[in-house]
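Report on the structure given below.
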Amino acid sequence: MTASEQHGADVPPSRKKSWGIRFSLLSMILLITVVALSISNWQKSQQLSRLKVRTEQLSQALGIPLVTDSTKVTAIGVPVLANASWEWHVVIPEGKEYDLFVAFTHLPAEGLPEDPIHVESLTNGEVRINLSIEPEVDLPTTVTVRGRYVVPAQAVQTMLYHGLSPREASWLLHYGGESRAVARHDGGPKWYCTRNEGLIQDPEYVVTTFDPDEAIVLRRTRVYPVEDPTSDDDAPRTCAGMMVWLAPKVPEDETANP
């Protein structure tokens with residue numbers, strides 16, 4: 001026997017490798033834990049998704065707008081069941097301030113009225129603005145504007161209580177409702193056309209964002225006589241109606257020195 005053969009005889013035969021999957025008890029426990037956590041996370045994700053949808057539905061029903069850009073003004077019209085009453089939810093960015101105005105005469109089709117009624121100044125936060133008109137039999141028709149800061153929370157505050165003159169309130173006799181409509185003038189041959197613009201229900205209230213330096217028209221309702229109710233050719237430059245808007249507050253030094 002040669003030396004090489006003798007050396008080879010002393011080496012034990014190599015064991016055959018096993019390619020089967022082998023689990024220890026610890027590996028099995030870890031696998032079960034990972035699967036359980038994955039299922040739990042998936043269930044929580046589904047629940048959060050359903051809660052998000054539900055929250056958006058409730059927010060829309062309550063008139064709470066979803067803020068997508070904190071640098072802009074976010075606003076929405078809020079559904080109100082009472083007649084001759086309108087409401088808006090406005091989110092004002094940090095560091096911004098606005099003046100709230102209303103007007104009932106000399107309303108232009110575009111732009112802002114020249115002689116508005118100043119209601120109040122509003123600063124950053126979330127505020128609910130409600131305007132209600134109450135006709136009286138023997139007294140002037142009154143308009144009440146109320147505001148309530150939702151964030152930061154505050155009590156309801158009556159910001160304006162104003163008695164409308166017969167001229168200011170004349171448009172109410174011919175107001176056609178939320179959507180554009182016409183109503184015959186009592187005892188006259190003409191028709192009155194109502195035009196509504198702004199954050200109104202057409203067909204549903206929609207969240208709208210505005211640049212912080214522009215005027216924000218919450219509502220513009222123009223009521224005027226026309227010969228043909230299907231044409232806008234007879235629309236006057238200014239007329240009666242109702243307009244509610246926010247304008248960026250002008251610093252006092254700029255107001256004093258235009």
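Summary of computed values
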read-out	value
Area accessible to solvent at Glu87, 1.4 Å probe radius, in Å²	40 Å²
Charge sum, other residues only, whose C-beta stays under 9 Å from Gln157's C-beta, Lys/Arg counted +1 and Asp/Glu -1	+1
The range 65-77 - phi-based ³J(HN,Hα) in whole Hz, Karplus 6.51/-1.76/1.60, Gly and Pro as x	x, 8, 7, 9, 9, 6, 8, 10, 7, 10, 8, 8, x
Residues of the range 29-43 with amide N under 19 Å of the 7 Å Cα→Cβ point at Arg50	38-43
By average C-beta atoms within 10 angstrom, highest first, the peptides 165-176, 100-111	100-111, 165-176
Difference of contour (0.36 nm per residue) and Cα-Cα distance, Thr68 to Leu30	9.5 nm
Table column - 3J(HN,Hα) (Hz), the range 149-155, Karplus curve with 6.51, -1.76, 1.60, x for Gly and Pro	6, 7, 9, x, 5, 9, 6
Reachable aspartates and glutamates from Lys190, criterion Cα separation under 12 angstrom, eight or more residues apart if same chain	Glu227, Asp228, Asp234
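The values are calculated or read from the model by the stated rules, or taken from the named source; none is laboratory data. This one's a predicted model, so the numbers in the text were calculated from it and none came from an experiment. In this analysis, Cβ positions are derived from the backbone assuming ideal geometry, glycine residues included, and neighbour counts consider all displayed protein chains. We work out accessible area using only protein heavy atoms, side chains counted, and drop any ligands, DNA or RNA first. Shrake-Rupley method; radii C 1.70, N 1.55, O 1.52, S 1.80 Å.
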